[in-house]
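Undergrad: My questions all concern the structure below.
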Amino acid sequence: MKALSASEIKKHIATLDGWLYEENALHTSIEFRDFKDAFSLMTRIAFEAEKLEHHPDWSNVYNKVNISLSTHDAGGVTEKDFQLAQIIDKLVS
Ligand code: H2B
């Protein structure tokens, strides 16, 4: 899969909720009520990521989840990152 250009990424990112494009990846930060809610959402994302065969780079501290999406094989952001970002937005909302 081919990495998207900066202008394609800017166009696509407008369709997402609370994502930034920085350092060749899409980033978001989500805050939950507590650790249980944060980890529950991470588990649901994990199942979707497996289905898509595309996986987030992420970290979790207590009720906060930081997510970065890029396609390692392509060295940048691809359609797959936007697919996963859209799924994450849907699961969060
Ligand atoms: N996830 C992400 N974010 N980037 C990749 O390039 C990638 C992946 N490659 N998940 C996948 C797995 C690849 O290694 C397997 C073989 O499909």
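The values are calculated or read from the model by the stated rules, or taken from the named source; none is laboratory data. As the structure is a computational prediction, the values presented were derived from the model and not from experiment. Cβ placement follows ideal geometry from the backbone for every residue including glycine, while neighbour counts extend to all protein chains displayed.
Undergrad: I'm trying to understand the selection: among the residues of the range 15-26, which are out of contact with any helix residue (DSSP H, G or I) (no Cβ under 9 Å at 6 or more places or on another chain) and within 22 Å of Leu52 (Cα to Cα)?
TA: Keep residues of the range 15-26 that are out of contact with any helix residue (DSSP H, G or I) (no Cβ under 9 Å at 6 or more places or on another chain), which gives 22-24.
Selection gives Asn24 alone.
Residues are listed down the side, and each one gets a yes or a no for (1) closer than 15 Å to Lys90 by Cα; (2) among the charged types (D, E, K, R):
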| site | (1), (2) |
| --- | --- |
| Glu8 | no, yes |
| Arg33 | no, yes |
| Leu41 | yes, no |
| His55 | no, no |
| Asn60 | no, no |
| Asn63 | no, no |
| Asp73 | no, yes |
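Undergrad: Checking the conditions here, which among Asn63, Asn24 is modelled with pLDDT of 95 or more and on the phi > 0 side of the Ramachandran plot?
TA: Asn24
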